[in-house]
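Below you'll find the structure, written out as structure tokens, and then a few comments.
Read the figures in this text as sums done on the coordinates, not as results from a lab. Nothing here was measured: the structure is a model prediction, and the numbers come from that model. In this analysis, Cβ positions are derived from the backbone assuming ideal geometry, glycine residues included, and neighbour counts consider all displayed protein chains.
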């Protein structure tokens, strides 16, 4: 049997993009920092987001049925920290410049890329729900350095395009 601590230690060696996942609806705007995001298929454009069911904002994502995945650039470490802190949801969104695309979910204006999504399915696995999300709009910026998390620390990856 694999112990949860051993699994978490092993997973810390899996390099992951750092994202802020956000939603909005009748109950307000919510967001959290996530690394458990990945592509499912490009036809139709679909991604998945994993979220702990014990999270304070979990019920709001389920209720709103929309979300945006904001892939953070290398300069967004402070925003990642804000959205993984105990700060209240309203105060979190005072950090960064936020806009919206098609669904109305909060989109970080200078994110590396933002995926605006409708949650189409929710699958429960253990302590987490997996949101299967149809991408309905994408916004990209011209940044070329991404924020990643590896071995329990932030790192910067990417390089400038060579002309």
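Return 92, 134, 29, 8 ranked ascending by Cβ neighbour count within 10 Å, so the fewest neighbours appear first. Kindly include the intermediate steps, with their values, before the conclusion.
Details: 92 23, 134 16, 29 19, 8 10.
So the ranking, lowest neighbour count to highest, is 8, 134, 29, 92.
With r as the distance between the Cβ atoms of residue 1 and residue 95 and R0 = 30 Å, compute the FRET efficiency 1/(1 + (r/R0)^6) and round to 0.05.
The formula returns an efficiency of 0.15 here.
From the C-alpha gyration tensor of the chain, pull out the three semi-axes of the equivalent ellipsoid (sqrt of 5λ each), sorted largest to smallest, in whole Å.
22, 21, 17
Taking only DSSP H segments of four or more residues, each worth -39500 (n - 2.57), what value at 222 nm results for the chain once the sum is divided by all its residues, to the nearest 500 deg cm²/dmol? It would help to have the intermediate numbers written out before the result.
Numbers: 4 runs with 26 residues, N = 163.
Theoretical 222 nm ellipticity from helices: -4000 deg cm²/dmol.
Could I have the simple spin-label model distance between residue 39 and residue 109, label points 7 Å from Cα toward Cβ, reported in nm to one decimal?
2.9 nm
Given 0.36 nm per residue, what is the gain on full extension from residue 56 to residue 140 after removing their alpha carbon distance, in nm?
Value of the extension gain: 27.3 nm.
Which of 115, 32, 131, 150 comes first, and how do the rest follow, when ranked by fewest Cβ neighbours within 10 Å?
Exposure proxy ranking, most exposed first: 150, 32, 131, 115.
Using the count of nearby Cβ atoms within 10 Å as a rough guide to exposure, how do 60, 76, 155 rank from fewest to most?
155, 60, 76
Got the relative contact order for the chain handy, in percent, Cα pairs under 8 Å and 6 or more residues apart?
26 percent
Connecting C-alpha atoms closer than 10 Å in a GNM of the chain, tell me which of 110, 129, 144 has the biggest fluctuation.
144
Report the gain in length on full extension from residue 85 to residue 11: 0.36 nm times residue separation, minus Cα-Cα distance, nm rounded to one decimal.
Working: separation 74, 0.36 × 74 = 26.64 nm, distance 2.11 nm.
Gain in length upon complete extension: 24.5 nm.
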